[in-house]
Structures are given as C-alpha cells and as structure tokens.
1. Per residue of segment 209-215, what does 6.51 cos²θ - 1.76 cosθ + 1.60 with θ = phi - 60° give for ³J(HN,Hα)? Whole Hz please, x for Gly and Pro, Karplus curve as stated.
2. Specify which residue in the list GLN233, THR147, PHE123 is farthest towards the positive end of the charge dipole of the chain, using unit charges on the beta carbon of Lys, Arg (+1) and Asp, Glu (-1), about the Cα centre.
3. If each residue's Cβ is checked for other Cβ atoms within 10 Å, how do HIS155, HIS41, HIS148 rank with the fewest at the top?
4. List, in the order given, every pair from LYS55/LYS172; LYS172/LYS228; LYS98/LYS172; LYS51/LYS172 whose Cα-Cα distance in the structure shown is over 28 Å.
5. For segment 189-240, what log10 I(q)/I(0) values come out of the Debye formula at q = 0.15, 0.23, 0.27, 0.28 1/Å, with one point per alpha carbon and no solvent?
6. Scaled to the compact-protein estimate 2.2 N^0.38 Å, what is the alpha-carbon radius of gyration of the chain, rounded to two decimal places?
7. Counting other C-beta atoms within 10 Å, which of TYR158, TYR34 has the fewest, and how do the rest follow?
8. With a 10 Å radius around each residue's Cβ, average the other Cβ atoms per peptide and rank 64-73, 77-86, 23-32, 92-101, highest first.
Amino acid sequence: ISNTSQLSQILPIQIITPDKGFVVNGTPKNKRSYLDWGVFHVKPSSVKAFKTYNKVLKNINTLLVRNKIDELDFWFLALAEAAAKINQNRIKYLQQLKQTVFSDSSELLSTLINPLDQFDYQFSSGWPKEVDETNQQSIYSYLSNNTHHLLKVKHLNYGSHKASIRFSLNNKNECFLSRGEQKTLSIIFWLTQVLLLVNLKTKPVVLIDDLSSELDNKKINVILQYLKALKVQTFMTDIGHNLDVIKSINPRIFQIDNGVIKVKD
C-alpha cells in the first residue's frame, strides 16, 4: 500500500457523526464529500478525474487572475473532459443509491420515517441549466463563450466543484425540517451507502459518534438491528449511556474511566 487512497479502497470507513455535518441540510461541501466518497468506493478509478479536475481548476483560476487569455483554451478542454466524467460518475452513483434506498432490500426508510411521507432528492451539477453536464463539448462551449465574463470575475464560479444535492420531505425543503428529521434522513443516506457497498461484496467499517443524540430508542434500535443484519463491523460512542437499547445487539462495551479505557462487564 503506497498511499491513503489504496488503503481506503481496501477498507472503506463510513463515519456517522454530527461533527462532520449532516448530509440533509448540510453544506454543499459536505454533500459533495458524501457523494464522492460513494463514487470512489463503487468506482475507484474515478479518483483520476477528480485529481485532474482540481489541478486544472487551480490553473484556470491562476490564468484568470493574471489575464492570460491565450492559455485558457487548452485548460478549458482539459477541465471539460474531467468534469464530464465526474458528472457521469456522480449521476450514475446517485441512480444506484436511489435504487438501493427505495428497494425491497432496504427496510430502513419505511421504519425510520412514515411510509406515507414523500421523500425525494435532486442532483445539482454546479453548471448552469443550459449546459449538459455529462457532455464534454457542451461544457467546453460554455467555458469558451463566457471567457470574457470569467476574466472579469477572476475565477470559475460554475462547475463540478459547486455541485450539491437538494433534499425534500413532503415537498418541504430540507432547511425547514427539524434537526431530528435532518439527522434521521442523513443516517438513512449514510447507511444506504453501506448497504450499496455490501450488495457489491464490499464490507465497510462503520463508526457512529453520539448515537442517541436526537434519536428515540425505537429509531436507535432500528439502526442497530439494521447494522447487525448487514454484518458489518461497527464502533459506536454514546454519551447518553443508553445501554439497554445497545445491549440488544450483544456488543462489546468499553468505558473510559479517568482516561483509562476498560471493558465494561
């Protein structure tokens, strides 16, 4: 193993914690991180397009600041190629995710939210609506046609680095959902990523921080039983000491006592 991407490919780690922000009503950066984590573990070769895109984007922004208009065309072509691949991979992954979250093999959705609720999400590619985000030529044409505008603003203000996901519940925008609803839906999406990987014969390690925060015992039990059924190794922290619910899956419990980690009987 020569780098961290190889290690993470061999051992995917799904971290569920309020500290990194929820997926639902999270920042666009958090949503891209969530999405690209899944894309990478389903299609590891996709990392090449991401690395190329980030490198080219940096070069384009530098040229825009320096008004180097004659050098932009080459980098526009390179960015368009990488962006089209990124968008194709993201869209395909979201389709796989939607099939998984609403499939018969996932009872998580119906047990954590009301089956009558209408839950939906839409992908925003970061490009203007008139651009076909999966078509290299369409992206390149947009960049070429807007060169003078980009020279004025001095940076590329559209692109795959601006992508996001918009969530809704019963046609209610994610920002108007309660914090408990946001956490519940975020957990559904985190665990659906785990299910998708398990279906693809890859078993990630799941790390859950402060499990009982903002969740009732019923939802906690559903999550625990779900993870147990998937047979994935799971590590959890819980400052609420909600041991009765946790014990339902016969875990090994550790306790920190004066800075010393001890096995709890």
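Please treat every number below as a calculation from the coordinates, not as lab data. Note that this is a predicted model, so its numbers are computed, not measured. Don't worry about glycine lacking a Cβ; one is built from the backbone with ideal geometry, like all the others, and counts go over all protein chains shown.
1. 9, 6, 4, 7, 4, 6, 10
2. Selected residue: THR147.
3. Working: HIS155 11, HIS41 21, HIS148 8.
Ranking HIS155, HIS41, HIS148 by Cβ neighbours within 10 Å, fewest first, gives HIS148, HIS155, HIS41.
4. Violating the 28 Å limit, Cα to Cα: LYS55/LYS172; LYS172/LYS228; LYS51/LYS172.
5. One equal scatterer on each Cα of segment 189-240 leads to -0.41, -0.89, -1.14, -1.19.
6. Numbers: Rg = 21.3 Å, N = 265, 2.2 N^0.38 = 18.3 Å.
Relative to the rule-of-thumb radius for its length, the chain sits at 1.16.
7. On the way: TYR158 18, TYR34 22.
Fewest-to-most Cβ neighbours within 10 Å comes out as TYR158, TYR34.
8. Numbers: 64-73: 13.1, 77-86: 22.2, 23-32: 19.1, 92-101: 17.0.
Ranked by mean Cβ neighbours within 10 Å, highest first: 77-86, 23-32, 92-101, 64-73.
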